[in-house]
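Peer 1: If you scroll down you'll find the structure; I have some questions about it.
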Amino acid sequence: MFSYRHAFHAGNHADVLKHTVLIATLDHLLEKDAALTVVDTHAGAGLYRLDGDYAGTSGEAAEGILRLLSGKKEPAAPAAAAAAPAAKSAAKKAAPAAEAPLADAIARYLGVISDFNPKGGARVYPGSPFIIQHLLRDHDKLKLFELHPTDSRTLSANIAQLEAGRQIAVLLEDGFGSATKFLPPPSRRALVLMDPSYEMKTDYGRVLDFAAEALKRFATGTYAIWYPIIPRPEAHDLPRRLKTMATKAGKSWLHATLTVKSSKITKDAASGETQRPGLPASGMFLINPPYTLKPLLAEALPQLAERLGQDRNATFSLESGG
Ligand code: SAM
């Protein structure tokens, strides 16, 4: 049914963006004592080995978390965001990023990764379920949806090792179809992470339907949606339609994007073979984001674009409304 396996992509630049935003969001939501419920509608396998077969085959982490850890930069990478008119206000801050100390949100993300790798490096990469569980307190709850039978089995086995009891529920169910049943949670505090694989182009419409239904049930929840920035009309329309939805509902929103390379398909001069660029960019769209998120990302995104940028197209954008 599905061919997408997150193990091939774990720790790539999209995970770096997504997990940096996730941690910064959770840090704020966990400042209040009242219980928080986190719903992860597309959980994946939970934990990945970056030296394992899957990750080793694709090598995507080399251009994400591993590059960030090594501090290596491509010589061709420009001062981040210099080419991004949409990110004009933030671009002013981009120039001194090379000399600046590591942004707090990136340092925090790397701190969480190092908690899973006490000997250094990133041999183990935590997916969203493990990152979330690592930060939650005993009285918080985590609901994990994963529909791929193999990944769901791996996730259940990984989660079982945590001995977290009833704090964590793993559901072999359609996250789009049934995750709203947990909204609103009894404590009326929730974060919903939606991170589909967008393997099927109907996923874009299903994200919108889910967000509309979730807002109807629980208008004050925080919703964080990841999406790929690829040349496909549905991908292009998604943030625009989410903005309209949030604005109509009178809710605040935040939209952050990170581009690491050109999306152009090229031909290898010697072999004449077509070279596809792989995922060049991705975005995070949040409804009801914490007020602390925007300043943290304004500092972090220029550094991410600079450190993860692979060519002159590396850039970022950050906008908010409501
Ligand atoms: N959120 C994970 C993380 O950050 O570590 C990565 C998730 S991965 C991008 C998307 C996952 O969604 C895949 O493991 C896929 O099998 C699963 N999936 C696809 N369609 C689904 C659905 N309708 N409901 C639940 N899971 C689904």
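The values are calculated or read from the model by the stated rules, or taken from the named source; none is laboratory data. In this text, all values refer to a predicted model and were calculated from it rather than measured experimentally. Using ideal geometry, Cβ is built from the backbone for each residue, glycine included, and neighbour counts are taken over all protein chains shown.
Peer 1: Here's a check for you: in the stretch 259-277, which residue that is within 20 Å of S197 (Cβ to Cβ) and surrounded by fewer than 16 Cβ atoms within 10 Å (Cβ to Cβ) is modelled with the lowest pLDDT?
Peer 2: Per the stated criteria, the residue is R276.
Peer 1: Now for a separate question. Residue check, Q167 against (1) modelled with pLDDT of 95 or more; (2) within 16 Å of the ligand (Cβ to nearest atom); (3) over 22 Å from L215 (Cα atoms), all met but one. Which one?
Peer 2: (2) is the only condition that Q167 fails.
Peer 1: Could I ask something else about it? Out of A298, A235, A224, A256, report the one residue that is surrounded by fewer than 23 Cβ atoms within 10 Å (Cβ to Cβ), in contact with a strand residue (DSSP E or B) (Cβ under 7 Å, 6 or more places away or on another chain), among the aliphatic types (A, V, I, L, M) and closer than 17 Å to T20 by Cβ.
Peer 2: The match here is A298.
Peer 1: Moving to a separate point now. Hey, among F210, F218, which residue is more than 11 Å from the ligand (Cβ to nearest atom) and either at pLDDT 95 or above or within 21 Å of V21 (Cα to Cα) (or both)?
Peer 2: Among F210, F218, only F218 is more than 11 Å from the ligand (Cβ to nearest atom) and either at pLDDT 95 or above or within 21 Å of V21 (Cα to Cα) (or both).
Peer 1: Within the stretch 11-44, which residues are near the ligand (Cβ under 7 Å from one of its atoms) and either part of a loop (DSSP other than H, G, I, E, B) or β-branched (V, I, T) (or both)?
Peer 2: Passing the criteria: T41, H42, A43, G44.
Peer 1: Can you find, within the stretch 221-246, the residue that is farthest from P184 (Cα to Cα) among those that are in a loop (DSSP other than H, G, I, E, B) and away from the ligand (no atom under 16 Å from the Cβ)? Show your work before the answer.
Peer 2: Step one: list which residues in the stretch 221-246 are in a loop (DSSP other than H, G, I, E, B), which gives 221, 229-232.
Still in the running and away from the ligand (no atom under 16 Å from the Cβ): 221, 231-232.
Values: G221: 8, P231: 35, R232: 33 Å.
Among them, the one singled out is P231.
Peer 1: Just the residues that are in contact (Cβ under 8 Å) with a residue 40 or more places away in the chain and closer than 16 Å to N288 by Cα, please, taken from the stretch 233-244. Give the steps one after another, and end with the answer.
Peer 2: Narrowing the stretch 233-244 to residues in contact (Cβ under 8 Å) with a residue 40 or more places away in the chain: 238-239, 242-243.
Those that are in contact (Cβ under 8 Å) with a residue 40 or more places away in the chain and closer than 16 Å to N288 by Cα: P239, L242, K243.
Peer 1: Here's something else I'd like to know. Return the only residue of Y204, Y198 being among the hydroxyl-bearing types (S, T, Y), in contact with a Leu (Cβ under 6 Å, 6 or more places away or on another chain) and within 13 Å of the ligand (Cβ to nearest atom). Step through it out loud before you land on a result.
Peer 2: On the way: Y198 fails: in contact with a Leu (Cβ under 6 Å, 6 or more places away or on another chain).
The unique qualifying residue is Y204.
Peer 1: Could you please find all residues in the stretch 298-319 being in a strand (DSSP E or B) and more than 16 Å from the chain's Cα centre (by Cα)?
Peer 2: Across the stretch 298-319, the qualifying residues are T315, E319.
Peer 1: Of everything in the stretch 119-135 that's among the hydrophobic types (A, V, I, L, M, F, W, C) and surrounded by fewer than 21 Cβ atoms within 10 Å (Cβ to Cβ), which residue is modelled with the lowest pLDDT?
Peer 2: For the stretch 119-135, the residue satisfying everything is V124.
Peer 1: Hey, does the stretch 186-207 have a residue that's among the aromatic types (F, W, Y) and touching a residue at least 40 places away in the same chain (Cβ under 8 Å)?
Peer 2: No.
Peer 1: How about the stretch 169-179: which of its residues are surrounded by fewer than 21 Cβ atoms within 10 Å (Cβ to Cβ) and under 20 Å from the mean Cα position of the chain (by Cα)?
Peer 2: Answer for the stretch 169-179, where residues must be surrounded by fewer than 21 Cβ atoms within 10 Å (Cβ to Cβ) and under 20 Å from the mean Cα position of the chain (by Cα): just D174.
Peer 1: May I pose another question? Which one of these is among the hydroxyl-bearing types (S, T, Y) and at pLDDT below 90: T37, T57?
Peer 2: After ruling out the rest, the residue left standing is T57.
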